[in-house]
Amino acid sequence: MAEENKTFITEFVLTGLTDRPGLQLPLFLVFFVVYLITMVGNLGLIAVIWRDPHLHTPMYLFLGSLAFADAWSSSSVTPKMLINFLSKNHVISVFDCMAQFYFFGSSATTECFLLVVMAYDRYVAICNPLLYPVVMSNRLCTQFIGASYFIGVLHSAIHVGFLVRLTFCRSNIIDYFYCEILQLFKISCTDPMVNMLLVLIFSAFIQVFTFITIIISYSCVLFAILEKKSEQGRGKAFSTCSAHLLSVSLFYGTLFFMYVRPGSGPGENQDKMYSLFYTVIIPLLNPFIYSLRNKEVIGALKRINKK
């Protein structure tokens, strides 16, 4: 009888960032502006790289791919969040919820591997500059980018495949601003232990493997920079790597807090802040981190404006 009385859920309700009515419109305006700047920054960077032949190099090919992943990541979360700020109906279907997680998860995993590829690119450019044109061929760069996106899509598909086995009957309220996978586990009627182990294993492997690879690459780069006799050479090498290291620190710092140790973190509100940082803030910052201090990008913008 108890099994017959179960009502299985076909839609969820996202509570959002806050339930205070007076904050909904101000938050909408803030995040609407943030989303516009994010899209203009990332898509604008892609357009500049595409239009200027001087930027048709492996470094900027990877940077353009990263900008696309950031635009994809932000677009998977922010539009629904903006709609919910202005609407009293925060309902999202189970299918749309899974799709939202899938697209965000794909872009986040893709970004991990693109950051590794960018670190390898800097390693070859600084440690083996004479071999750089041979090693970093256009074909290899395309394969690196394709593999990064393929792994991202496959990784997210595995999690969604295992999410399908879960049933939801206790509650349809997700106390979050998007369909975050750990929140879905909390309201599942099916034991999510297998899913949680998958998240822990995959997240630990992907994040730890990619992070360690980046650290090794930049350790080699650091030693190579210190061996340079020219002060100008050191400054140029540091400037090309500092932006990447800042982006890596911001991205991995928040991901480690969220997924490598699920369930052991601080309060729910602080978890929301971590999620907000890597879903909204990092895609906003990345194009400016990489372009504002980059003389080649600024030079390309000037050349385009003169035409």
Problem set entry | segment 127-166, residues that are over 13 Å from residue 103 (Cα atoms), aliphatic (A, V, I, L, M) and surrounded by fewer than 16 Cβ atoms within 10 Å (Cβ to Cβ) | 130, 131, 134, 135, 140, 147, 164
Exercise. Residues of segment 44-62 being surrounded by 15 or more Cβ atoms within 10 Å (Cβ to Cβ) and either of a type in the set (D, E, K, R) or within 17 Å of the chain's Cα centre (by Cα) (or both), which ones?
Worked result: 45, 46, 52, 62
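Every residue, every condition in (1) free of Cβ contacts under 8 Å to residues at least 24 places away in the same chain; (2) basic (Lys, Arg); (3) under 21 Å from residue 185 (Cβ atoms), yes or no:
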{"site": "66", "(1), (2), (3)": "no, no, no"}
{"site": "75", "(1), (2), (3)": "no, no, no"}
{"site": "102", "(1), (2), (3)": "no, no, yes"}
{"site": "129", "(1), (2), (3)": "yes, no, no"}
{"site": "136", "(1), (2), (3)": "no, no, no"}
{"site": "139", "(1), (2), (3)": "yes, yes, no"}
{"site": "148", "(1), (2), (3)": "no, no, no"}
Problem set entry | Residue satisfying condition, being assigned to a helix (DSSP H, G or I), under 21 Å from residue 208 (Cα atoms) and modelled with pLDDT of 80 or more, within set 248, 280 | 248
Exercise. Under 8 Å by Cβ, and 6 or more places apart or on different chains, what pairs join a residue from segment 294-305 that is touching a residue at least 40 places away in the same chain (Cβ under 8 Å) and of a type outside the set (D, E, K, R) with one that is open to solvent by 80 Å² or more (accessible area, probe 1.4 Å) and assigned to a helix (DSSP H, G or I)?
Worked result: 299/54; 300/51; 300/54; 304/51
Problem set entry | Enumeration of residues in segment 25-38 that are farther than 15 Å from residue 290 by Cα and open to solvent by less than 50 Å² (accessible area, probe 1.4 Å) | 27, 28, 31, 34, 35
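Among the candidates 65, 73, single out the residue that is crowded, with 19+ Cβ neighbours inside 10 Å, within 13 Å of the chain's Cα centre (by Cα), farther than 19 Å from residue 275 by Cα and not aliphatic (A, V, I, L, M). Quick ask: steps written out before the conclusion?
Numbers: 73 fails: farther than 19 Å from residue 275 by Cα.
Exactly one residue qualifies, and that residue is 65.
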Exercise. Just one of 226, 182, 198, 222 is open to solvent by 50 Å² or more (accessible area, probe 1.4 Å), modelled with pLDDT of 80 or more and at negative phi; which is it?
Worked result: 222
Problem set entry | Given (1) in a helix (DSSP H, G or I); (2) open to solvent by 40 Å² or more (accessible area, probe 1.4 Å), number of the condition residue 100 does not satisfy | (2)
For this session: Provide a single number: the residues in segment 76-102 that are modelled with pLDDT under 90 and charged (D, E, K, R).
Result: 1
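The values are calculated or read from the model by the stated rules, or taken from the named source; none is laboratory data. Everything numeric here is computed off the predicted structure, so don't read it as measured data. When we count neighbours, we look across all protein chains shown, and the Cβ atoms used for this are built from the backbone with ideal geometry, even at glycine. The area values use the complete protein model at the heavy-atom level, side chains included, leaving out ligands, DNA and RNA. Shrake-Rupley method; radii C 1.70, N 1.55, O 1.52, S 1.80 Å.
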